[in-house]
Each structure stands twice: as structure tokens, then as C-alpha cells.
Amino acid sequence: MLRMNRVLKELSEQNESIKVAIIGAGKMGRGLVNQMSRIKGMIPSIVVNRNVEKAIYALELAGIRKEDIAVSNSVSETNAFIEEGKYVVSEYIDVAVKANEIQAVVDATGVPEAGAEIAMAAIKNHKHIIMLNVEADSVVGPILYRYAKEEGVVYTGTAGDEPGAAIELYDFAVGLGFEVLAMGKGKNNPVDFSANPDTVYKEAIKKELKPNMLAGFIDGTNTMIELNCMGNATGFVPDIRGCHGIESNINDLKDHLRLKKDGGVLESFYIVDYVRGIAPGVYLLFTTDLEEIHSQLEYLKMGSGPNYLLYRPYHLTSLETPFTIYNACVNNESTIAPICGAVADTITVAKKDLKAGDTLDGIGGYTVYGSLEKYEIAKSENLVPIGLINDRTVVTRNVKKGEFITYDMIDLDESTLLYELRQKQEKCKNMPKIL
């Protein structure tokens, strides 16, 4: 990152900067706005939020004076304000994606439907799109990545999210010629499939999170989605439906991540999985077929082999996103992208007994949670990705708690761009080869 520091310093000295629009002023967006305010040569020029006061608050927390903040829902007016050196807050996505001087748009909404709209709007307006929205990426990332390539812009997940942090380890290992066998992330707490906004409300308020967001973490859905994104970027798949989710410390982990015939838990290698006991870190298991390298790795205190573990004990979420913004705008590179197409899917499971006529909600709600499966199996069994479920989805027959939701069990809302993109993605043949 030394080069990033130098390039941004040079831009700043020339009175220039990378100008960024951030959509969503919740915890992640607010953190990014504040962090970026301390980086020379990179400016959070536009902050979009349905509640404009939250966008203003994010900028003021970063030390931006109120007189330097303009409120506008007009693209032409926004262009003029930015030329004057002002920061702009707005209610409308169009202001972010159409403003002349904006080079990159960051989606920090965490909402699948919003993510599809934001990404396509950014791509059509020739802006790089940074997805702090794994929820959307897991559903339609492959086709969004393809559209971005065709338009000559970058579509990317972000540094700091677990998928981005894990891919750093992956790129490091593969770049050095090692064979990667498994990768994944830590989970902070045991999975509680019944978690909902009511059961987590007090904790969510304490952590300044929306209750449904915290419920999505605790019921395991977000973990599945994050592993989904790792899989689509590498070709790795879950070893079993829902993953093993073992409990381990970092010292014992590589012994657990052996094949069953060798005393471990795995049916096969080239998998993604989560581990309770190593959060907030990410891990990677690798090996080599060279005896000399085994000898040197043991000398370097990596253990006795034949497999070795890399571990990053932190991820700083949106605070690391400036790395991704820089690489997109300066190097035209993604941090992590679904370059392998759809190899995994986060499918939908009933969180409770459901009756015909019931309305579902979605990620972190009261009715369903997500589980990871190989894409080909999910497709063959007609299983619905949880990102497509919303509060306009109606159950058409009785469903038992724990039952996997198929398309013929529900009436989906087919009016969204997210649904349209998913249907187009399903029809794309040989998606990885096209990409």
C-alpha cells in the first residue's frame, strides 16, 4: 500500500482527488465516510441516504463543517456544488451515479434489491461499483460483474469484509505457487436459527445495528452469504450443505480440516467453511507437492505439514474500503469478484412452521434463514436463493420448520430488477468462460 500512499499524496499536492459517492449512511457507510475524511487525495463527495439527516450526521462526525455540506436532489446542482468544493447529501441514487466528477460508487445498503439497482445504475453511468453489499453480490454478482466488464468499469467486493480479507490470503498463497485446499472465516457466536429482530433487539440497539441485520448474523445467514461470495470468486464450494461450522482454536484448526480418512471432518478439499472460535479472523489451508518446500515451511515454524494454515486475525469492514476504491480507480482492479460465476448459492430455509397465505420477510427476519449449497445442487432441486425473498413473497402451501424453500412453494415478487437479473444470470451459458 506504499504506492497508494504516494499516489494519493501526489494527487492531493496537485489539488486533485478521487471523488466517491457512498450510498447508505448506516454503520458501514458512516465508518467509511469518517475514515475517508482522513485520507489525502480521496473524498466522500456525495452521501446518499433516504434519511438525509443521517447523511449529514455522517459528514459532521468526520469533522466536515455544516457550511461545507449542501443538500440536493438535482444532478446539475450537485455538479455545481462539487465544483465549488462542497460535500453533497441526497435522497436519490441518481445524484450519486450521474454526478460528473464521481469516479466510484460504494453501495453500503446491505439490501439485495437496492444493491441490484445501485450496481446497474453505476455501471450504466460508467462508474466503478464497490459492493459493501454481499447480500446482493451472492445473488446476482456474476452477471453484474459481466456487465461491468462489458462497460469497462470495475465491479468489486471490498477489502475489510471477510470475503475480501480471505481473498487476500488466497491471492498470496496462489501467487506463490501453493495449492489452496480450504478457506473461510470465523463466526463470533453459535448459530441460532431461530434468531429474529425481537430476540436480538436489545443487543442490536447497543451495537448501533438494525435488529434484522444482527439477526442475520446470529442465524448464520450472513456467514453463508459471505462464504458464497468467497466460493464464486475462487470456485470453492461448501463441503456439506450449511457447512460444518466446527469449533476450534487457531492452533488446532488444521488438524480438524483434514479429510475424514485422515481423522478430520472434511469429505473433500477445495471448500469454504466457517469456524467458531477464531473470529473475527479469516483462514486459509494450503499445501505443496515439493519436499524441499515442506522442509522450509517446517523450518519457518509453519508446523509439520503436509498442510499449513494462514490466518488473518482481523477484518476492519468498511474502514478498509479505501484500499478497494483506490485499486478500482487507479489500477482498474477488483479486490474480490465472482470471476468463477455461480458455484454456490445461499438457499432459503423455513425458520418456523409456515402456512399457505403467509407472507415471508427475508434476511434477518422472522420467517426464513439462509444455508449454503453447491449451485448445481440448488438448481437441480429448485431451491430459492434467500436474497430473492422479500416481504411481498407469499407462501402457497404449508411448510414445516427447517424445510428448504423451493420455487413451487411460493409466489415470488417478480417485479424487481434483482429478480430480472437473476433470471438473466440463470440463462447465461458457461458463465465462468464468458467472464
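The values are calculated or read from the model by the stated rules, or taken from the named source; none is laboratory data. Source: prediction; values computed, not measured. As a convention, Cβ positions derive from the backbone with ideal geometry for all residues, glycine included, and neighbour counts pool all protein chains shown. These area figures cover heavy atoms from the full protein model, side chains too; ligands, DNA and RNA do not enter into them. Shrake-Rupley method; radii C 1.70, N 1.55, O 1.52, S 1.80 Å.
Structure values in brief
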quantity	calculated
Residue count, region 399-412 (criterion: assigned to a loop (DSSP other than H, G, I, E, B) and open to solvent by 20 Å² or more (accessible area, probe 1.4 Å))	5
Test: residue in region 357-376 that is surrounded by fewer than 17 Cβ atoms within 10 Å (Cβ to Cβ) and touching a residue at least 40 places away in the same chain (Cβ under 8 Å)	no
Qualifying position, being closer than 20 Å to residue 125 by Cβ, open to solvent by 40 Å² or more (accessible area, probe 1.4 Å), among the polar types (S, T, N, Q) and without any contact (Cβ under 8 Å) to a residue 40 or more places away in the chain, among 12, 72, 76, 17	76
Listing of helices (runs of 4 or more DSSP H) fully contained in region 183-243 that carry 3 or more residues being β-branched (Val, Ile, Thr) and at pLDDT 95 or above	221-234
Selected residue (only one of 405, 377 is closer than 26 Å to residue 213 by Cβ, β-branched (Val, Ile, Thr) and at pLDDT 95 or above)	405
Some residue of region 55-63 being open to solvent by less than 10 Å² (accessible area, probe 1.4 Å) and closer than 22 Å to residue 329 by Cα	no
Counted residues, region 236-261 - those being open to solvent by 30 Å² or more (accessible area, probe 1.4 Å) and of a type in the set (Gly, Ala, Ser)	0
The lone exception for residue 322 - which of (1) open to solvent by 20 Å² or more (accessible area, probe 1.4 Å); (2) within 18 Å of the chain's Cα centre (by Cα); (3) over 30 Å from residue 374 (Cα atoms) it fails	(1)
Criterion (modelled with pLDDT of 95 or more and assigned to a strand (DSSP E or B)) met by exactly one of 106, 153	106
